[in-house]
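Chemist: Structure below; questions to follow.
The values are calculated or read from the model by the stated rules, or taken from the named source; none is laboratory data. A quick note: this is a predicted structure, and the numbers were derived from the prediction, not measured. Note: ideal-geometry Cβ built from the backbone for every residue, glycine included; neighbour counts use all protein chains shown. Heads up: the accessible areas ignore ligands, DNA and RNA and are worked out on the full protein's heavy atoms, side chains in. Shrake-Rupley method; radii C 1.70, N 1.55, O 1.52, S 1.80 Å.
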Amino acid sequence: MITKTALGAEETVPWEYIRDARSTLDALRGSGCEIAAIETSVHAVDLFDWQPRFPVCVVFGHETDGLTPAVSAMADTHVRIPMLGLKHSLNVATAGGVVLL
């Protein structure tokens, strides 16, 4: 599936598939990373009010299902992208661009 989305970039940009996100997040937290879930939740802070603690691991959910409850619960911070209008979410690529810019 990555080949369809990446359009060949997967052959020149280093990437890694990790089946168990929880163990990876545990390791990152152990190394001092803040785990920030980009997810609309009752605990979320506005993107423009968020002051990340570096190093930071930014976690994005599945386009349809979002983050799993287990991964969401591991986050130190939940961050929402403020939006006007009727829609309250962006596709993951757009959300990534907004947050990482």
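Chemist: Give Gly97, Gly32, Gly85 a once-over and let me know the one that is assigned to a helix (DSSP H, G or I) and free of Cβ contacts under 8 Å to residues at least 40 places away in the same chain.
Modeler: Going through Gly97, Gly32, Gly85 in turn, just one is assigned to a helix (DSSP H, G or I) and free of Cβ contacts under 8 Å to residues at least 40 places away in the same chain: Gly97.
Chemist: Further question on the same structure: All but one of (1) over 21 Å from Val98 (Cβ atoms); (2) open to solvent by 90 Å² or more (accessible area, probe 1.4 Å) hold for Ser31, so report the exception by its number.
Modeler: With respect to (1) over 21 Å from Val98 (Cβ atoms); (2) open to solvent by 90 Å² or more (accessible area, probe 1.4 Å), Ser31 is out only on (2).
Chemist: Which count do you get for residues in region 44-81 that are closer than 30 Å to Leu7 by Cα, open to solvent by less than 60 Å² (accessible area, probe 1.4 Å) and in a loop (DSSP other than H, G, I, E, B)?
Modeler: 3
Chemist: Restricting to region 1-24, name every residue that is assigned to a helix (DSSP H, G or I), farther than 20 Å from Glu63 by Cα and not small (Gly, Ala, Ser).
Modeler: Glu11, Thr24
Chemist: Residues of region 17-34 being basic (Lys, Arg) and either under 15 Å from the mean Cα position of the chain (by Cα) or at pLDDT 95 or above (or both), which ones?
Modeler: Taking region 17-34 first, the residues basic (Lys, Arg) are 19, 22, 29.
Answer for region 17-34, where residues must be basic (Lys, Arg) and either under 15 Å from the mean Cα position of the chain (by Cα) or at pLDDT 95 or above (or both): Arg22, Arg29.
Chemist: Is it the case that region 36-43 has a residue that's at pLDDT below 95, assigned to a helix (DSSP H, G or I) and within 21 Å of Thr5 (Cβ to Cβ)? First the steps, then the outcome.
Modeler: As a first pass, look at region 36-43 and keep what is at pLDDT below 95: 39-43.
Add one more test, that the residue is assigned to a helix (DSSP H, G or I), and what stays is none.
No, region 36-43 contains no residue that is at pLDDT below 95, assigned to a helix (DSSP H, G or I) and within 21 Å of Thr5 (Cβ to Cβ).
Chemist: Does region 49-101 hold any residues that are modelled with pLDDT of 90 or more, farther than 20 Å from Arg22 by Cα and among the hydroxyl-bearing types (Ser, Thr, Tyr), and which are they?
Modeler: Within region 49-101, Thr94 is the sole residue that qualifies.
Chemist: Just wondering, is there one or more residues in region 2-16 that are open to solvent by 90 Å² or more (accessible area, probe 1.4 Å), closer than 25 Å to Ser89 by Cα and of a type outside the set (Val, Ile, Thr)? Walk me through it before giving the result.
Modeler: Within region 2-16, the subset open to solvent by 90 Å² or more (accessible area, probe 1.4 Å) is 4-5, 7, 11-12, 14-16.
Keeping just the survivors that are closer than 25 Å to Ser89 by Cα gives 4-5, 7.
Still in the list and also of a type outside the set (Val, Ile, Thr): 4, 7.
Yes: one or more hits.
Chemist: Also, quick follow-up: Here are some conditions: (1) over 16 Å from Val99 (Cα atoms); (2) open to solvent by 30 Å² or more (accessible area, probe 1.4 Å). Thr40 meets all but one. Which one does it not meet?
Modeler: Only one criterion in (1) over 16 Å from Val99 (Cα atoms); (2) open to solvent by 30 Å² or more (accessible area, probe 1.4 Å) is unmet by Thr40, namely (1).
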